[in-house]
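Remarks on the structure that follows.
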Amino acid sequence: MPNVTRSWDKLSDHNPLIGFVDACLRGPAQVVLQNNPLTGLLVLVAIAWGAFENGQPRILGGAVLGLVVGTATAVALRVDEPSLRKGLFGFSPLLTGIAVPTFLDDRPLMWLYLVLGAVATTVVTLALNAIFKTWGLTAFTMPFVLTTWVLLLAAYQFDRFTVLTNLKPMFPGEGQLTDGRFNWDLVPTFLRGVSQVYLINSWVTGLIILVALLVNSRWSALFAVIGTVGATVLALWFGADATSLDKGLFGFNAVLTAIAVGAVLHRPGALVTVYTLFGIALTLFVQMSLTSMLTPLAIPVLTAPFNIATWLLLLPKRHFAPVPNHERAKETVVSAVKHSV
Amino acid sequence: MPNVTRSWDKLSDHNPLIGFVDACLRGPAQVVLQNNPLTGLLVLVAIAWGAFENGQPRILGGAVLGLVVGTATAVALRVDEPSLRKGLFGFSPLLTGIAVPTFLDDRPLMWLYLVLGAVATTVVTLALNAIFKTWGLTAFTMPFVLTTWVLLLAAYQFDRFTVLTNLKPMFPGEGQLTDGRFNWDLVPTFLRGVSQVYLINSWVTGLIILVALLVNSRWSALFAVIGTVGATVLALWFGADATSLDKGLFGFNAVLTAIAVGAVLHRPGALVTVYTLFGIALTLFVQMSLTSMLTPLAIPVLTAPFNIATWLLLLPKRHFAPVPNHERAKETVVSAVKHSV
Amino acid sequence: MPNVTRSWDKLSDHNPLIGFVDACLRGPAQVVLQNNPLTGLLVLVAIAWGAFENGQPRILGGAVLGLVVGTATAVALRVDEPSLRKGLFGFSPLLTGIAVPTFLDDRPLMWLYLVLGAVATTVVTLALNAIFKTWGLTAFTMPFVLTTWVLLLAAYQFDRFTVLTNLKPMFPGEGQLTDGRFNWDLVPTFLRGVSQVYLINSWVTGLIILVALLVNSRWSALFAVIGTVGATVLALWFGADATSLDKGLFGFNAVLTAIAVGAVLHRPGALVTVYTLFGIALTLFVQMSLTSMLTPLAIPVLTAPFNIATWLLLLPKRHFAPVPNHERAKETVVSAVKHSV
């Protein structure tokens, strides 16, 4: 296996086309913060399974198209080569490519919309990374979230699109939460929590994604499980909507937070695990509040809660500067005026 | 008195437990930008009075619990010691601790929610300060505002909580403004404007807070009065809702802006007073627009208007850099592509 | 002509009053990113024409008042002199001065509101520029947008104002899109797309503005046309609301993006034109999504879409730094705790 890997890496370095394929394969893996083409390939298999299982093969087409267009846009814009090769310009457009055929009705114009959306996702990735660099952060999947929100909200204003989110705009608190008469066999629910990272409702897909994680990092696979179990059980305890819970919709954001905070961005350990458990609760609360905020607009939260919670958890830095709070400002517009009159 | 103060400071420096108590006492004072444990103690008395007067003693419990949990979280996270000692990690969790029992129904789970909220408030404080440091600002009470909004909006999605904000989600402009047949004796209204800084509707509480301010800074007490009088009278003139006005709800944000801009963050003076009067009007307009924005979500504005207005007033710096506006950008993605093809 | 220009420039340099007039004249030109007093004068003529054609002369009064008050506030706050002289503190208050009498009913208090709004626009300009400087950007017309949104949303809460936006708050997707039985003679529509940059619905105004652009920069005039034609035709193709389309409401944001990205902030060329065409589509989609987002609040998008799209297009920098994505963070709160226990 290591030999195969080494040969593949060598090939990718020398053949630009294979290099591009390699970058494209790493994209699906980078959604769950892994840098491994095999993981990416397995994720694509998982997406394919879910798309066919749910009778929507065009979702697989959208995923591949988004991934290729987004990565090609990055090539055209001459972005940083090593970042490109790691798949860091593929993962957000891949998700945009899944979201568009999931939430809009099938028609030729939808595919043009998807392509424009994938290009935009790469531009937004570059733009947001330029901003987040200021605080040593990256945009994670937020470019996908913002672009998809724009595409869905804009579709309301175009006669030629129909939005199929199954959400009805209403005021928060108006909807009826379905009661907890769900199936007590929660394992498929936990697995659907993993598959929903890629907007897919299928426990088989979830299982394949866990295998894909295992291939690259046991810690990541473990924390993915902790994330989906932790957030789902917490949501259950607090009395969240049972229908959404059963679809795994309260798990997927916590899966990403748990992988990021617990396994990838820190060295795993006891303290990190405590912080991650708090992070899972934070992600769930942010997700629930965002669900309320977006209720009048009838758009889904996507992976925004993961992004917001993980930024909040990473921003506090080690060498805490003294808080410059509540002390007299030295150079303000007022002192400027005073000094010059 | 100075002797007592000196002895206390000495004790706090040497005994870690008393140091922690001292930090906790300064928290309530830092809400109104004062660094003084006696001021903090008096504020706690004011909160206690209001809590019992309104038949909600659990609000006092929530305040103390939030304050202690938030400060202890900062200790556990090893934040900058001097900032901690000034009470800069206590004031936002204190407010979260007041807001949760004020806006959610009483049940054991609410207390767990409050504790998680207080921990989150400290994490958010660290995160926002890391961002705002970029522009020489601090997060003020925004961590409290954001955390409380998240907790309230999330509560809509949990069967086991009931939101008690007395607000009904609707479109802005739909609600009926109550007419100005209020009591013309405005002094209690002005004092309630001060007490609402701590989410309490009681003129006695407002009076005790003014005394607490006087103990530490006459200028701060004076500008607090200017803030509540200015904003309330302006709201009255423009025809704002009389019921809210009577409860002091148009005063408390301007109280904070006036203390911050007029007394603490600038050296008081004629020019500063003019800028502060403008700041009071700005705070009121921001508050009213935020009220409209949050009407569909039925959550209160809290102290967000103070934060936004004060940031806007402090951002313009003395040495105004030339505005790099409307000039040809030298290094953009387009020029990158052009140079390399 | 060059002689006249030179004499005028000399006069402005020596006579402070004429210098102030010069700065005020450049303000209207800077909305469309031109630095030329003659262009500004022609724009004022265009605004005057539109105001009288639509029977609302007070809009001209508001424009001039906003322009003068905003520029005078910048003088009072001792901002960077060369920036002031270029008209960079006049263009946003000018637009606020047009928006207030357009969207609020006529009464004496409205004029006080307008003056406060013009002052606030200048303060917000300084504040936002301080923030955007971090990424080498400026605030463009966003200070106008934010201030006007605040003024309109606040007006809902004041008994003494009536909001006249002709928008009814509703959920997105609820409104009926009017069908494409518009006049196939699109030239006046394209010209109204130009006039709507200044919130005016008049093809004559649009024509005068094109002349004003031509006086200073042929490229800018050309890209203004490309912007309004491109966005309007795209909106038509996708089936946008025909009534709004006919008023030029889908053109004006793209006009600004096209001038900024295509002619002013890059050196015009083939590659830049491709990027600009993409930018026009991006602007339209952002505008449509913002329209949906603001539907429950019943406020117009103003020029926010231009600002957002242009920032996104400019942020990606030439020397793309490696994306610091998904790598282990070195200094976080967790490592801090770990190191010290």
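The values are calculated or read from the model by the stated rules, or taken from the named source; none is laboratory data. If you're wondering where the values come from, they're calculated on a predicted model, not measured in any experiment. Cβ: placed from backbone, ideal geometry, glycine included. Neighbour counts: every protein chain shown.
The set of residues from region C:128-145 being outside any helix (DSSP H, G or I) and facing chain B (nearest Cβ under 9 Å) comprises C:G136, C:L137, C:T138, C:A139, C:F140.
With the condition kept exactly as written, say whether any residue in region C:276-284 is under 25 Å from A:P296 (Cα atoms) and free of Cβ contacts under 8 Å to residues at least 12 places away in the same chain.
Checked against the condition, which is being under 25 Å from A:P296 (Cα atoms) and free of Cβ contacts under 8 Å to residues at least 12 places away in the same chain, region C:276-284 yields no hits at all.
Residues that are part of a helix (DSSP H, G or I) and among the hydrophobic types (A, V, I, L, M, F, W, C) were ranked within region B:82-101; the one that is farthest from the other protein chains (Cβ to nearest Cβ) is B:I98. When A:G90, A:G62, A:G70 are screened for being under 13 Å from A:A29 (Cα atoms), modelled with pLDDT of 95 or more, buried (at least 24 other Cβ atoms within 10 Å of the Cβ) and out of contact with any strand residue (DSSP E or B) (no Cβ under 9 Å at 6 or more places or on another chain), only A:G90 passes.
Going through region A:49-62 one residue at a time, which ones are touching a residue at least 60 places away in the same chain (Cβ under 8 Å) and in a helix (DSSP H, G or I)? A:W49, A:G50, A:A51, A:E53, A:I59 - these are the residues of region A:49-62 that are touching a residue at least 60 places away in the same chain (Cβ under 8 Å) and in a helix (DSSP H, G or I).
Listed by first and then second residue, the pairs with beta-carbon distance under 6 Å, at least 6 apart or on different chains, first residue in region A:1-24 and more than 21 Å from A:L67 (Cβ to Cβ), second of a type in the set (K, R), form an empty list.
For region A:229-256, name all the residues that are over 18 Å from A:L302 (Cα atoms) and among the aromatic types (F, W, Y). Listed by number, the residues that qualify are A:W237, A:F238. Quickly run through region A:83-126 and pick out the residues that are of a type in the set (G, A, S) and more than 17 Å from the chain's Cα centre (by Cα). Listed by number, the list holds a single entry, A:S83. Taken over region B:133-164, the residue count meeting the criterion of being free of Cβ contacts under 8 Å to residues at least 40 places away in the same chain, surrounded by fewer than 24 Cβ atoms within 10 Å (Cβ to Cβ) and aromatic (F, W, Y) is 1. Note on region C:152-166: among residues that are farther than 20 Å from B:T232 by Cβ and part of a loop (DSSP other than H, G, I, E, B), the one that is modelled with the lowest pLDDT is C:N166.
Inside region A:239-258, residues that are closer than 19 Å to A:A309 by Cα and facing another protein chain (nearest Cβ under 10 Å) make up a count of 1. Considered as a group, the residues in region C:174-231 that are farther than 28 Å from C:V100 by Cα and among the acidic types (D, E) include one that is surrounded by the fewest Cβ atoms within 10 Å (Cβ to Cβ), and that residue is C:D185. Checking C:T125, C:T148, C:T73 one by one, the residue that is more than 7 Å from every other protein chain (Cβ to nearest Cβ), under 30 Å from B:A242 (Cα atoms) and assigned to a helix (DSSP H, G or I) is C:T148 and no other.
Scanning region A:183-214 for residues that are touching a Pro at 6+ places or on another chain (Cβ under 9 Å), hydrophobic (A, V, I, L, M, F, W, C) and assigned to a helix (DSSP H, G or I) yields A:W203, A:A212.
Could you list, in sequence order, the residues of region B:191-209 that are among the hydrophobic types (A, V, I, L, M, F, W, C) and within 20 Å of B:L302 (Cα to Cα)?
Within region B:191-209, the subset among the hydrophobic types (A, V, I, L, M, F, W, C) is B:191, B:194, B:197, B:199-200, B:203-204, B:207-209.
Within region B:191-209, B:L191, B:V194, B:V197, B:L199, B:I200, B:W203, B:I209 qualify.
The combined condition, being free of Cβ contacts under 8 Å to residues at least 12 places away in the same chain and more than 14 Å from chain C (Cβ to nearest Cβ), is fulfilled by B:A221. Tell me, which residue of region A:95-112 that is among the hydrophobic types (A, V, I, L, M, F, W, C) and touching a Phe, Trp or Tyr at 6+ places or on another chain (Cβ under 8 Å) is surrounded by the fewest Cβ atoms within 10 Å (Cβ to Cβ)? Per the criteria, the residue is A:L109.
Being within 16 Å of the chain's Cα centre (by Cα), under 21 Å from B:Q30 (Cα atoms), of a type in the set (A, V, I, L, M, F, W, C) and modelled with pLDDT of 95 or more: is that true of B:L214 here?
no
Taken across region A:102-115, residues that are under 21 Å from B:A130 (Cα atoms), among the aromatic types (F, W, Y) and within 11 Å of chain C (Cβ to nearest Cβ) do not occur at all. When you look at B:R78, is it basic (K, R), assigned to a helix (DSSP H, G or I) and within 14 Å of chain A (Cβ to nearest Cβ), yes or no? When the stated conditions are applied, B:R78 does not pass them.
The one condition from (1) surrounded by fewer than 23 Cβ atoms within 10 Å (Cβ to Cβ); (2) assigned to a helix (DSSP H, G or I) that C:A263 does not meet is (1). Total residues in region A:265-321 satisfying the condition of being facing chain B (nearest Cβ under 7 Å), farther than 23 Å from A:F132 by Cα and either among the β-branched types (V, I, T) or in contact with an Asp or Glu (Cβ under 6 Å, 6 or more places away or on another chain) (or both): the figure is 1. Among all residues of region B:215-227, there is at least one that is part of a loop (DSSP other than H, G, I, E, B) and in contact with a helix residue (DSSP H, G or I) (Cβ under 7 Å, 6 or more places away or on another chain).
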